[in-house]
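What follows is a single structure, written as structure tokens, with notes after it.
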Amino acid sequence: MPGASDSHPDIHWPSGFSPEHAHGFCQAQIVVHATPATAFGLLTDVTRWPDWLQGITQADPGALDETFQVTFHGHRFDIFVGEPVPPHRLGWSAVGAGVQLYRTWSLTAVERGTHVVTENVVRGPAAQSLNTLSPLWASRLHSLWLAQLKRLSE
């Protein structure tokens, strides 16, 4: 599993959410055969997340473009978009179910499409428990996001 020193150099971490300050850190990468704009569009179409992301049963846009709520495995998360840079970077923080997290995406055009890097840092008692009980949970979740993003982008 990647460690904090493996963080991608183009990832921008908000204060207090760097991998060095987290209870959990995960990174995954993939190349999708589509433009960055296509991948970015899928990631930002929150209302469609329940259609393609296992475990998300509800996704509601907030009053502002920068906020939304999701229900993930029965737990509500309030999400605040902190870094929307279409179509190349996206980052959001989430609070709920005993965790605080920051998830970030870097989308770079390459010869065969888009190189997608996603990283996640998690803090809180639930994150500590999950890391103890199932150290690969975050890696599996990242793999699912990327596989579905690839499937839908192409």
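Only the coordinates and a few stated rules stand behind these numbers; no lab work does. Quick caveat, the model's predicted, so the values are computed rather than measured. A quick note on method: Cβ atoms are made from the backbone with ideal geometry, for glycine too, and the neighbour counts reach across all protein chains shown.
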Report task. Rounded to the nearest 500, what is the 222 nm mean residue ellipticity of the chain from helices alone, with -39500 (n - 2.57) per DSSP H run of 4+ residues and division by all residues? Result -> -7500 deg cm²/dmol
Query raised in the report: Looking at the chain, do any whole DSSP H helices span at least 20 angstrom along their long axis by alpha carbon and average -1.0 or above on Kyte-Doolittle, and which?
Result: 137-153
Query raised in the report: Given [x] 63, 14, 12; [y] 22, 19, 15; [z] 40, 24, 13 as candidate values of semi-axes √(5λ) of the Cα gyration tensor in Å, which corresponds to the one derived from the coordinates?
Result: [y]
Requested in this report: Would you work out the charge dipole size for the chain about its Cα centre, treating the Cβ of every Lys and Arg as +1 and the Cβ of every Asp and Glu as -1, and quote it to the nearest 20 debye?
Outcome: 340
Query raised in the report: Modelled label-to-label distance, T47 and E83, 7 Å Cα→beta-carbon offset: nm?
Result: 2.8
